[in-house]
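These notes concern the structure reproduced below.
The values are calculated or read from the model by the stated rules, or taken from the named source; none is laboratory data. What you see is a predicted model; the values in this text were computed from it and never measured. Here the Cβ is made from the backbone with ideal geometry for all residues, glycine too, and neighbour counts use every protein chain on show.
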Amino acid sequence: MTLVSGVLRAGFGLTACLALQATAVAAPLPKGDGYAELRTECTRCHTLHNIQQSDGFTAEGWQAFIEQMTDIETRPEHRNKIVAYLAEHFPPDP
Ligand code: HEC
């Protein structure tokens, strides 16, 4: 997915998400290995709600997606921890 299609999807999804937002805000992301790095890297441009509301990805999918969205490939240690965290806690929706 390109970043542009991500932006479009985020926009189209907004109406549907509004009703769910109160619940999403109340539920924090699960703590675990990689969470600290994720907070640092992924809240620079937006909140973590994007992650909770995403459809989920495989490890390969998350890596490709976040490398396209950010410059995280310049910090492979952070990238590897974050990809492992995301693949464990936010796998693709069945
Ligand atoms: C350089 C800025 C930037 C950083 C850093 C960033 N993002 Fe994003 N992200 C965006 C933009 C821009 C969008 C689309 C608009 C929006 O939803 O705010 C987006 C959207 C998303 C979406 C929703 C995509 C969709 O199709 O629904 C997810 C999930 C996401 N980001 C995850 C992450 C994760 C995980 C990280 C940390 C590795 C991260 N972002 C770091 C800029 C960034």
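Remarks
- Residue pairs meeting the criteria (Cβ under 6 Å; at least 6 apart or on separate chains; first under 18 Å from ALA36 (Cα atoms), in region 61-83; second among the polar types (S, T, N, Q) and not in a loop (DSSP other than H, G, I, E, B)): VAL83/GLN63
- Among the residues of region 32-61, the ones that are within 7 Å of the ligand (Cβ to nearest atom) and either closer than 18 Å to PRO91 by Cβ or touching a strand residue (DSSP E or B) at 6+ places or on another chain (Cβ under 9 Å) (or both) come to 6 in all.
- Enumerated helices (runs of 4 or more DSSP H) restricted to region 26-77, each holding at least 1 residues that are modelled with pLDDT under 95: 49-53
- Tally of residues being farther than 18 Å from ARG44 by Cα and within 7 Å of the ligand (Cβ to nearest atom) across region 69-87: 0
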